[in-house]
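The values are calculated or read from the model by the stated rules, or taken from the named source; none is laboratory data. Source: prediction; values computed, not measured. Don't worry about glycine lacking a Cβ; one is built from the backbone with ideal geometry, like all the others, and counts go over all protein chains shown. Accessible surface is based on the protein model in full, side chains and every heavy atom, while ligands, DNA and RNA are left aside. Shrake-Rupley method; radii C 1.70, N 1.55, O 1.52, S 1.80 Å.
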Amino acid sequence: MEKNYLEKWEKIGLSNNFIFNCVMSDNPDLCKKLLEILLDCKIDHIEKPVYENQFQTSIGSKGIRFDVYVKDDNNVYDIEIQTTKDRNLPKRSRYYQSVMDVSNLSPGDSYKELKKSYILFLCVFDPFGHNLPVYTFENICKEDSQIFLNDQAIKIFYNAKEYDKMKTKELKTFFEYLVKNDIKSDFTEHLDSKVQIAKMNKDYWRTYMTWEQELKIQAEILGEEIAEDIAKDMAKDMAKDMAKDMAKDMAKDMAKDLANNMAKDMAKDLANNMAKDMANNIIKEASEKAYEQGIEKGKEENLIQTAKKFLEKGIPIEVISECTNIPCEKIMELKLKLS
């Protein structure tokens, strides 16, 4: 098992969430430069980036972990690496925004104390499917698009697939490095050197291996929770429908044949009684058979449904394959259908 993790560790680059967090938190100067490239502006200074910072607004509320959380005097930044498609990405950005605001405003503070916030999603896919390199969102008036709410809450989604359409050379070379590991600038060369240093850190390696194992355990637990319910529901519905249709058709045909072969008076009573008994037996046998068939089909469909839920939660394809025994190629097809 350790060998598999080591092989994966040797292949990963900056687009890996764990490595990205390590590099940014260990190198504030690089994090500052990356923010300047992403936002096309100059930043005087930043506080030390916080890796996987845990935020929870109240007891019992949903907690979140920001990938890289950064502050300066007037702004707060959350940088997220997104390698798997997530249908809930827009609402996730909304929730992240609310948690950032609550976390940065103390009781009794005026709303004017809220800093300008940037939530930046670095996606290795097109998050909205319109082939734009960057999608920037701010709140504006629906009736007059010239009127801005000016709440200073900005959400930006970068589509790394369209790196060649980025408006600056630095953006192009950074996102090309992110998706292809091609080094074409001093900045990406510096980044890559820090990636290699991070990968030589034994503590990071052990943490990564533990993180991967925990992710696999969470996937297995989630699979167990939904597997049995999905299989039972599918088998029950299939058995009910199949038994009903089979019994109805067979009872109708058999009653008709019996009635034609018997005397008119005897056929009425005998055919009705026999058809009723046989229908009951058929329903019972068909139900048992359909239930068994449903269970088998349910197991297969359950694995597929489980794989889909794992994909929606951003669980790596290799982990899903190992948990469900579904080939990686099949999971990749499911992932493309979901997109």
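So the values come out like this:
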| read-out | value |
| --- | --- |
| R0 of 25 Å, Cβ-Cβ distance residue 313-residue 48: FRET efficiency to nearest 0.05 | 0.25 |
| Distant-in-sequence amide H partners of residue 81 (H built 1.01 Å from N, under 5 Å) | 122 |
| Spin-label pair residue 74/residue 333, simplified geometry with 7 Å Cα→Cβ offset, distance in nm | 5.5 nm |
| Karplus (6.51, -1.76, 1.60) ³J(HN,Hα), θ = phi - 60°, over the range 79-86, in Hz, Gly and Pro reported as x | 10, 10, 8, 10, 9, 10, 5, 9 |
| In Hz, Karplus ³J(HN,Hα) per residue of the range 97-112 (6.51, -1.76, 1.60; θ = phi - 60°; x = Gly, Pro) | 4, 5, 5, 4, 5, 4, 6, 9, 10, 7, x, x, 6, 6, 4, 5 |
| Heavy-atom accessible area order for 186, 144, 78, largest first, 1.4 Å probe | 186, 144, 78 |
| Residue-normalised accessible area of the range 1-48, given per residue in Å² at a 1.4 Å probe | 50 Å² |
| Protection proxy ranking of 92-98, 201-207, 30-36 - average other beta-carbon atoms within 10 Å, highest first | 30-36, 92-98, 201-207 |
